[in-house]
Each structure stands twice: as C-alpha cells, then as structure tokens.
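Visitor: Handing you this structure, nothing more for now.
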Amino acid sequence: MSSTLGTRPYTRGLHDLGNGCFAWLLPDGSWGFSNAGLVTDGGEALLVDTLFDFKLTAEMLAAMRGAVPRARIGSVVNTHANGDHCYGNRLVSDAEIIASKASADEMAHDIQPAQFASLLRSAPGMGAVGRYFLHCFGAFDFSGIEPALPSRTFSGALTLRVGSKRVELLEVGPAHTAGDVIVHVPDARTVFTGDILFIDGTPIIWAGPVERWIDACTRILAMDVETVVPGHGPITDKRGVAAVKRYLEHVCAEARKRFDAGMSARDAARDIALGDFAGWLDAERIAVNVHTLYRHWNPAAPSADMTTLFREMAELAADRPSGASRRV
C-alpha cells in the first residue's frame, strides 16, 4: 500500500529500526491487522504487544527469534486492552506481562476470544451487520485462545531496563481505550504508540475524551524521537502524529457544531465532510467517534450499544465506498 506518511516500506514482517529496536508490521492495518515492537540489548528483550490470534503471534515470535536469537523476551508490554494487541499473550506467558492498571481492568471485562468466535459463527445470519463483522474479523482464528492477563500493572509512568537501555512506559489514556500506554526508547529516539496512532487509517475513539487523545499526540510531538511505530499502519515520523491530531481536532470541531444544533449522532456522522481524511482506511469509524463525543458532551443520554455502532459503520461503509475498509 502506498503511503504519504510512511517513512519505510510498509511490508509484512520484521523491520530492523536500528539501535536494537524492531517493528513487526501487518498491512493493511485495518481491523485486527496491528503492529508490534521489540526492544533488545545485552541478551534481553522487551516485546511491545502481541497479536490478534495465536497463528499471527507465533509467526511474529519465530521471526524475532531468528533475527535476535540470543535475546530472551523477559517482558511484554500491552499498550492497551484491545484483543489485537494482547490475545497472543499466552504464547509469551513465561515473561512478565505489563500494562496500565486501567488496561488490565478493561482486559478482564472486554470482549473475550470465545465471544469473538461465537459472533463470527452467528454473523452469516445477522444481515448487513454480520457481513460487516465478518469483513472486519473473519480473517482471524479465535479458537482455543485463553487470555493471559498482565502480571504487573502501573499508573502514570514506569521506567524499565532492557540490558542497558532505558524504556519509558507512559500512560496517556483514557483516549482510544481506558488505559493507553506508549513505549518510549530515548536512546534509540523511537516510540511505539499502540493505537494512539493509526497511520493512513481512521482512529477509533472507543473511550475518549478526545482532548486526552489530542494531548497524547502533542506529547509525542514534543519528544526527541525520529522513528514512530503506530498501532496500525506504516512506520512514520512526527508528520504522522500531526496528521492524527488534525483528524481528531477536525472531527471534534465538526461534531460539536452539530451537537449544539441538536443533530443526532447518527446524522452528524453522515453529515460531516472528512475532506483530506476521507481516503483514510476505515473512514466509517466516524460513526463511533461521533457517538463517543456526544456521550462525553451529554453523559445523561443513552449510549449506543455495540450492535448499533457496527450497524452504523456498516451503513457508512456501504454509502462511502471511497472510505470503506479495504484489504491489500
């Protein structure tokens, strides 16, 4: 896939970032096709996130062992609670698994692999919502996955050592989810952002508030970093961070106008012109983003359930073919 924000080839597999850091990329970066990272030094290694199922995670771990055979993964950091960043934990359960306390709490109550498997079996009878759900998640195998929850949690910030390298875990959520964490490796001028960044793809605001997410982007922009590994999409630099920040600011401003005018969240999502962001992958996520913004602006109003959110995304994907999900 071509990218205006990527700094390296966006190809599946392990990418050597230099200074003992690696990124694992899964194009095209849509639902479930997430990135991960590895930080190594002195025979030690820290893994940033696992993947959505055991097959994908095993493939990644084999490539990492081949590239750095002497580095033992002693720590795993889950950047947040979504399954495409933690369902593979069981394959590294002998390591210390670290997450923010808010993420660990969310993992314990979030949708579980068995529920995903059940929904996929039911999807053919669910009409347009089912077809969209299959489109998003039908490529993954959730059978036999037992989640491995974090064995260590923190709030705010935590500094680790990988060999002689300092690794900073910085909690920037709630934003995308309840407890988002970014992983900063100062000596390598590298940051792994989890789903604070979707590059060439549309961010999805499950938790919010959006202001917290915008602040997280501002924080990354202020860092002395050169290489930015997003949760989805190609490796980027600060241009990619700035683009995500602009998207969030644009959607927030446009949604607020419609909220103040009394427009429903569903109608607002359809009415907002995405402009330069219309060609981003999964543009239909605007439906979730507007619902989340409305929920924060009026906490007393009923919240849309997951079926409603996926139905509205499915409708937008059908109505906006240029912004619908795609695979490469």
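The values are calculated or read from the model by the stated rules, or taken from the named source; none is laboratory data. These figures come from a predicted structure and were not determined experimentally. All Cβ positions, even for glycine, are placed from backbone atoms using ideal geometry, and neighbour counts span all protein chains on display.
Visitor: Can you tell me which residue within the stretch 42-62, out of those that are free of Cβ contacts under 8 Å to residues at least 40 places away in the same chain and part of a helix (DSSP H, G or I), is surrounded by the fewest Cβ atoms within 10 Å (Cβ to Cβ)? I'd like the intermediate steps shown before the answer.
Guide: First pass over the stretch 42-62, keeping only residues free of Cβ contacts under 8 Å to residues at least 40 places away in the same chain: 51, 57-59, 61-62.
Okay, now just the ones that are also part of a helix (DSSP H, G or I), so 57-59, 61-62.
On the way: Thr57: 24, Ala58: 13, Glu59: 16, Leu61: 20, Ala62: 11.
Per the criteria, the residue is Ala62.
Visitor: Are there any pairs with C-beta distances below 6 angstrom linking a residue in the stretch 24-41 that is under 14 Å from Ala67 (Cβ atoms) to a residue that is among the small types (Gly, Ala, Ser) and modelled with pLDDT under 95, with the two at least 6 apart or on different chains, and if so which?
Guide: From the stretch 24-41, the pairs are Thr40/Ala71.
Visitor: Of the conditions (1) in contact (Cβ under 8 Å) with a residue 40 or more places away in the chain; (2) touching a Leu at 6+ places or on another chain (Cβ under 6 Å), Ala157 satisfies every one except a single condition; which number is it?
Guide: Unmet condition: (1).
Visitor: If the Cβ limit is 6 Å and pairs must be 6+ apart or interchain, which residue in the stretch 218-247 that is buried (at least 16 other Cβ atoms within 10 Å of the Cβ) pairs with which residue that is of a type in the set (Asp, Glu) and not in a helix (DSSP H, G or I)?
Guide: That search, which allows pairs on different chains as well, returns Val228/Asp237; Gly233/Asp200.
Visitor: Follow-up. Could you grab the pairs with beta carbons closer than 8 Å, sequence gap of 6+ or different chains, first residue in the stretch 261-287 and closer than 24 Å to Phe133 by Cα and without any contact (Cβ under 8 Å) to a residue 12 or more places away in the chain, second one of a type outside the set (Val, Ile, Thr) and assigned to a helix (DSSP H, G or I)?
Guide: Matching pairs, first to second residue: Asp267/Arg258.
Visitor: For the stretch 258-308, enumerate the residues that are under 18 Å from Ala318 (Cα atoms) and in a loop (DSSP other than H, G, I, E, B).
Guide: Hits for the stretch 258-308 are Ile272, Ala273, Leu274, Ala278, Gly279, Trp280, Asp282.
Visitor: When both residues are 6+ apart or on different chains and their Cβ atoms are under 6 Å apart, which pairs have a first residue that lies in the stretch 101-121 and is over 16 Å from Trp206 (Cα atoms), and a second that is among the charged types (D, E, K, R)?
Guide: none
Visitor: Could you run through the stretch 170-187 and say how many residues are within 16 Å of Met107 (Cβ to Cβ), among the hydrophobic types (A, V, I, L, M, F, W, C) and surrounded by fewer than 24 Cβ atoms within 10 Å (Cβ to Cβ)? Before the answer, list the steps.
Guide: Here is the first cut: in the stretch 170-187, the residues within 16 Å of Met107 (Cβ to Cβ) are 171, 173-174, 176-181.
Subsequent filtering for residues that are among the hydrophobic types (A, V, I, L, M, F, W, C) retains 178, 181.
Among the residues that remain, those that are also surrounded by fewer than 24 Cβ atoms within 10 Å (Cβ to Cβ) are: 178.
So the count comes out to 1.
Visitor: I'd like to know if the stretch 230-244 contains one or more residues that are over 25 Å from Phe22 (Cβ atoms) and not in a helix (DSSP H, G or I).
Guide: Checked the stretch 230-244: no residue is over 25 Å from Phe22 (Cβ atoms) and not in a helix (DSSP H, G or I).
Visitor: Which one of these is under 14 Å from the mean Cα position of the chain (by Cα) and either on the phi < 0 side of the Ramachandran plot or not polar (S, T, N, Q) (or both): Ala175, Ala253? Show your work before the answer.
Guide: On the way: Ala253 fails: under 14 Å from the mean Cα position of the chain (by Cα).
One residue alone meets the criteria, Ala175.
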